[in-house]
Amino acid sequence: MEESQIEKRANKGVGFMEFVTRPLQWFKMLGEELHWSFVLGVVIVYGISQGLGVGLSKVTTQYYMKDDQKLQPSQAQLYLGLLQIPWIVKPLWGLLTDTLPILGYRRRPYFVFAGFLSITSMLVLSLKKNLQLGLALLSLIAGSAGIAIADVTIDACVTHNSISHPSLAGDMQSLCGISSSIGALVGFSISGFLVHIVGPKGVFGLLSIPAGLVISVGIMLREPRGHRFSYKGVNEKFLDAAKAMWTTLKCRDVWRPCLYMYISLAVSLHIHEGMFYWYTDAKGGPSFSKEVVGSIFSVGALGSLSGVLIYQSLLKNHPFRDILFWSQLLYAASGLLDLILVLRINLQIGLPDYFFVVIDEAIHKMIGRIKWMPLLVLSSKLCPAGIEGTFFALLMSIDHVGMLSSTWAGSLILHILNVTRTEFDNLWMAILIRSILRMVPIGLLFLIPRTDPNSTILPAEMLKTKKGETEILEMQSLVDSSLDE
């Protein structure tokens, strides 16, 4: 008996150690297969610049628009939609990184430029007093552009590695998702306290720190330097890349998923500013403080992280179509939780506002991330060699056009239903309309290929680089051979 108990305790100890060391072994494996500078770059760009930075800026910008600029919910949502513009033109940034090397490097200088752009915009928002709405929006858009350029550049690195290491495509997207979710969790957790202590302008100043780390990615990233490049042929390279993109888009297995991704995002109306104003300003609402709002978003980030872990451990080998069916169905159903909250049904059944809101936020973000992960993996498999950065940026820009469509459509719904800073009587109708529209993508799943998520989707000729085709493809071959070494 004593011996069996000792064995059980030993097994528990081994199991605990395995639980602790498994993530470390996973990171070590990725570092050995893909190089540590790439893994660290993903962590900085996704985890610190996007995750932590966006976690801080979301709450800060919402309070800045509401309290400093005195905007109505529909106005705030309309203007904040403009921050999607740098993400919509992601193919431009992708074309630059694929076709226009600077000092012989295709990726590193763009990280440096993105960091400086973000630093400048955040310092303007922080130091300039009584900033007019137009200049404030311009600075916010410039900061968004800095994050977008860094995102496109690291996406190009991820997509390139997905082509050269197709079996690790899911692991790389999981690394991106985990980094982003953990960063967002930290950012949202401290955002409310920082806004309360130093105000929105002070937080904008602190956001220059993540931008500085993006510059460090450009300094340390391992990338071979090209020596024979003629800038006279840049226009021709742009044209070659555009032709390759158009040829790829005409492929049935490419345009159909693109159409699905756009529609699935466009019909998922965003009414987040209406909910935010109701959380904080409505007389019959919860009247949450800044700290509470930040903690709610941090729970949402935790839910998002849970979604990544669930996908990585349980779902990554399942067909895309099956995951999207169930996740979209649950996504539509989870939206009805807001309806219970706004109609105050939760109080009637004895559930406090904060408890109900954090459960709602965690479930919503977890399901949303599970729905998003297979689309990211699918997107990385639709990119041809040589223009992988450009084409992945194009796919992501399609997604951001969908998000912009949903944001502006939600703004229009809030305006039509007369949801203002003081009137929230019709907010429940906006929630109901949103939940019904979220069912639409289920009828469009035939657009998604039913294939093994670990196999390639594009024809073999699109995944190979042809010698002597264009100088951009020659440079890609140089990168491939360097990484293989």
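Just so you know, all these numbers are worked out from the coordinates, no wet-lab data involved. Please read all numbers here as calculations on a predicted model, not as lab measurements. In this analysis, Cβ positions are derived from the backbone assuming ideal geometry, glycine residues included, and neighbour counts consider all displayed protein chains.
Of note:
- Cα→Cβ-extended label distance, 7 Å offset, between M439 and N130, nm: 5.4 nm
- Computed from Cα positions, the angle between helix 272-281 and the longest principal axis of the chain comes to roughly 40 degrees.
- A Förster radius of 41 Å combined with the Cβ-Cβ distance from L24 to T247 puts the calculated FRET efficiency at roughly 0.45.
- Global geometry of region 307-435, whether rounded, prolate or oblate, following the gyration tensor of its Cα atoms and the 1.5 cut on a/c: oblate
- Rounded to the nearest 10 degrees, the angle from helix 53-63 to the longest Cα principal axis of the chain is 30 degrees.
- Theoretical gain in end-to-end length, M429 to L309 [0.36 nm per residue, Cα-Cα removed]: 39.8 nm
- Projecting the Cα atoms of L140, S397, A211 onto the charge dipole of the chain (Cβ charges, centred on the Cα centre) puts L140 farthest toward the positive pole.
- Rounded to the nearest 10 degrees, the inclination of helix 388-416 to the longest alpha-carbon principal axis of the chain is 20 degrees.
- The reciprocal of the average 1/r between distinct C-alpha atoms defines the Kirkwood hydrodynamic radius, which for the chain equals 23.5 Å.
- Computed extension gain for T422 through T120, at 0.36 nm per residue and net of the alpha carbon distance, reaches 105.2 nm.
- Across the chain, the mean sequence separation of Cα contacts (distance under 8 Å, 6 or more residues apart), normalised by length, yields a relative contact order of 26 percent.
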